[in-house]
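**Q** One structure, pasted below without further comment.
Nothing in this text is a laboratory measurement; each read-out follows from the coordinates by a stated rule. What you see is a predicted model, and the numbers here were worked out from it, not measured in a lab. Neighbour counts run over all protein chains shown; Cβ positions are idealised from the backbone, glycine included.
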Amino acid sequence: SVPLSLERRRQDSSTLLITIFNSIQHPLINHHLHRFLSIHSSFSLFLYIRFSLSERKRAGMAIAAAAVVVPLGLLFFASGLIVNLIQATFYVLVRPLSKNLYRRINRVVAELLWLELIWLIDWWAGVKVQIYTDRETFRLMGKEHALVICNHRSDIDWLVGWVLAQRSGCLGSTVAVMKKSSKLLPVIGWSMWFSEYLFLERSWAKDENTLKSGIQRLRDFPLPFWLALFVEGTRFTKVKLLAAQEYATSTGLPVPRNVLIPRTKGFVSAVSHMRPFVPAIYDITVAVPKSSPAPTMLRLLNGKPSVVQVHIKRHLMKELPETDEAVAQWCKDIFVAKDALLDKHIADDTFSDLELQDTRRPIKPLAVALSWAFVVVAGSVKFLQWSSLLSSRKGVAFSTLGLAVVTGLMHILILFTQAERSNPAKVAPAKPKNKEEQPEATSDKQQ
């Protein structure tokens, strides 16, 4: 019903509600339901008059998307809470006795949650992740410890990284440097905490010791792991690119066009503490061909396909310079080269310098997602039969409230991902040339 006008959808839904309400004979219920119908019709008419055509289209698409993704959200949250409970149990009972055994168990348990998100991108949305690298690097991926650095263009770069880890066989042992507030996120943040992700406060005075101690804990990790670090420090946007270009111009640095200037303190610290036991750095560049729409979380939840091309270059840790200043410059040089690589990708619409590796869509994420769906649905039916939750008004009200909360959270998520869409990068002067550019920058800043 998305292509239909909002007024047409209002009329259709009102007709359906009238049919349902007229079949209910209880006078008290009829009274309240008809009040709801009146409010529903009036509010829909208000929306139709109040908002412009483009705004109504966006609102309609968001509502339709929410109707699709709420079941996905219920599935993810329900299965995620089960995973969190299992992780907490092993953390309390097993980790004090054997940290390595806990890590091996947690790797399997965490994958039961992460594979649902791999299913989302692989099977639900049908996004193709194309890997460009040499055969030796492709052979070693997932078989060695590695520090992973990547450009940060969109709100699903982390998910693309998980796809790479899953293809390499180290999804459950991949960790990343995250904002401290991330660990408070229900389900996903809690699972990251149990999986030993590193959480920083974006204050180097506090984060230096946190990063050092977190890396030292990984020295005895019993399985090959990846530590992912977005050295740009933030997601690429047009406004941030303008700021980076102004800074580069004022300090005599190379002016970026497709990346931001890397923040090297965290990278230098990571390299200095990982040298003894991590053999390689994976330099990853993510790009989208012109013929494909940029993937966003909203597009994924709507099941819309896209293509993501990933360029991977392996550097030996032992070949990096010894001093901190030289390592920082090495990182900056990598991003200058990454900027040029993205220029070439824009011209060629592909990564032509490396071979496209053969990676097929795996069956395991689909099997895990279907298994979780069966467990959650069967468990919910059994619970409803046992509790008779829907046999009373309070139970119905409680269930409705729960669905409303999930719907609201998912709707907020959709609006958030719409606000986080990446803008195309292009070189711009330090200050806007005319007044027309300023409102756009202000809008992005507000988002």
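**Q** Past the 22 Å Cα-Cα mark, which pairs from K206/K318; K238/K290; K238/K344; K99/K212?
**A** K206/K318
**Q** Which of the trypsin sites (Lys or Arg not before Pro) found in region 159-203 are loop residues per DSSP with 14 or fewer other Cβ atoms within 10 Å of their Cβ?
**A** Working: sites: R167, K179, K180, K183, R202; in loops: R202.
In loop regions of region 159-203 (DSSP not H, G, I, E or B), the sparsely surrounded trypsin sites (Lys or Arg not before Pro) are R202.
**Q** Sticking with this structure for a sec: Of K143/K265; K183/K382; K179/K394, which pairs sit farther than 30 Å apart, going by alpha carbon to alpha carbon?
**A** Working: K143/K265 28 Å; K183/K382 32 Å; K179/K394 40 Å.
In this structure, K183/K382; K179/K394 lie more than 30 Å apart at Cα.
**Q** Order of 331-338, 273-280 by packing, highest average Cβ count within 10 Å first?
**A** Packing order, densest peptide first, comes out as 331-338, 273-280.
**Q** Between region 299-318 and region 193-259, what's the alpha-carbon centroid distance in Å?
**A** Using only Cα atoms, the two centres lie 18 Å from each other.
**Q** Using 7 Å Cα-to-Cβ label points, what is the A347/K304 separation (nm, one decimal)?
**A** Spacing of the two 7 Å Cα→Cβ label points: 3.1 nm.
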